[in-house]
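What follows draws every value from the coordinates through simple rules; no lab data is involved. Worth saying up front: this structure is predicted, and the values here are computed from it rather than measured. Quick reminder, even Gly has a Cβ in these numbers, built from the backbone with ideal geometry, and neighbours come from all protein chains shown.
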Amino acid sequence: MDTSGNQPSFAYEGNDFDISAKAMAPHRRITEQVLTILTMVFAAIVIVPLVWVLVSVFQKGVDSLIFPDIFTKLPPPPGLSEGGFGHAIVGTLMTLGVGTLISVPFGVIAAIYLAEFGRGTKLAYLVKFSCNVLTGVPAILCGLFAYSIVVRPLGSFSAFSGGVALGVLMLPIIIRSTEEALLLVPNDLRLASTGIGATRFETVVQIVLPAALTSIVTGVVLSVARASGEAAPLLFTAFNNNFWAGNVWEPVATLPVLIYFFSIIPYKASQSLAWAAALVLLSIVLLFSITARYFSRQKKF
C-alpha cells in the first residue's frame, strides 16, 4: 500500500489504485474543478439576495426605531412623524399564538397516526397527499378559507380568524416535520418497550414522543417563522385596527399588514415606520430561526 503524503491510495495483490487528484485523467480533473467552481458560484448567488435584503432593511429601518416608543405608542396620523406600532407587535403575537394552539395538536396527532399506526393504509396515503397539496396552496387561499368558515359566521374580523388562517398554513409543515422526527426514533426502542409489557399507545406516549420532542419543537418553530411574515391571509381575517386590541375576538393590527398599508401611503414618515416594522418582523423571524437551530442541535436521533 502506498502511504506517501496525505492522499489515500489502495493496493490489492500488487496492483496499486491511486485515487488522488494527480492520478485522475486530465479531462476528469478539469471537469471536477469546473463543477466545484460552479457550485461555489451558485451558493454565493443564493446568499447574495439574502444579505442584500438584510442590509437594505436594516439601513432604512434602524433610524425609525425609537425606543421605547415603537413598543408603547400607536402610529401617528398620516403625514405626522414619531409614534410606534406596539399594537401591531401584540396583534402579530396574538394571531401566531392562536395559529399555534390550533395547528400543533392536529399536526402532531396526525403525524403520530402516519408514523406509528397508519403506515401503508389508504387513509395515511390520503393524508400525506392532502398534506403535500396543502403545502403548495397559496397563502391567500388559506385566508379565503378562514374568511368563509370563521369571519362570515361570526360577522366580524378578529385575531381568532387570523389565527385560523395561519394555523392552516402551519399545519402541513408540522405534520411532515413531526412524522420525520418520529420515523428517526430507532425501532429498537419500540421493541424494547413492547418487550417489557407496554402497550403500543404507552410506547408512543412515554418512549417515542419524548425521544423525538426536540425535532418536533424545531418543526413547530419553523412553521411559526413561516407564518409570521404572511400578510395576504390576514387581510381577509384579522384585517386591521388602529388601536390596541383587547381580546382575540376583535380586529387586530399585525406587522405584515401594517407594512403593506404604510408602504403605499404617500407620506415619508409612514413609509419610514413601515421600514422599521419590517426590521422588527425580520428580527422576529430570525429569532425563531435561531431557536429552531438550537433545538435541532439538541436532538438525540
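Tabulated values for the structure
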quantity: Charge dipole (debye, nearest 20) of the range 37-161; +1 at Cβ of Lys and Arg, -1 at Cβ of Asp and Glu; calculated: 500
quantity: Highest-fluctuation residue, F236, F67, F106 considered, GNM on the chain with Cα pairs under 10 Å; calculated: F67
quantity: Simple Cβ-charge dipole of the chain, Lys/Arg +1 and Asp/Glu -1, about Cα centre, in debye nearest 20; calculated: 400
quantity: Overall form of the chain per C-alpha gyration tensor (a/c, 1.5; a/b vs b/c); calculated: oblate
quantity: Positive-pole candidate from P266, L169, P256, dipole of the range 166-277, charges at beta carbon; calculated: P266
quantity: Cα-centre dipole for the range 149-263 with unit charges at Cβ (Lys and Arg positive, Asp and Glu negative), debye to 20; calculated: 120
quantity: Residues I149 and S289, FRET efficiency given R0 of 41 Å [Cβ-Cβ distance, rounded to 0.05]; calculated: 0.85
quantity: Modelled FRET efficiency - R0 41 Å, F129 with L80, Cβ distances, 0.05 increments; calculated: 0.20
quantity: Largest-first principal axis extents, alpha carbons of the range 14-139, Å; calculated: 83, 50, 26
quantity: Kyte-Doolittle mean at least 1.6 and Cα axial length at least 15 Å: DSSP H helices in the chain; calculated: 86-112
quantity: Label-point gap, in nm, between D188 and T31 - each point 7 angstrom along Cα→Cβ; calculated: 4.1
quantity: Alpha-carbon centroids, the range 86-106 and the range 253-292: separation in whole Å; calculated: 17
quantity: For a label point 7 Å along the Cα-to-beta-carbon line of K73, residues of the range 231-258 with backbone N under 20 Å; calculated: 241-245, 253-255, 258
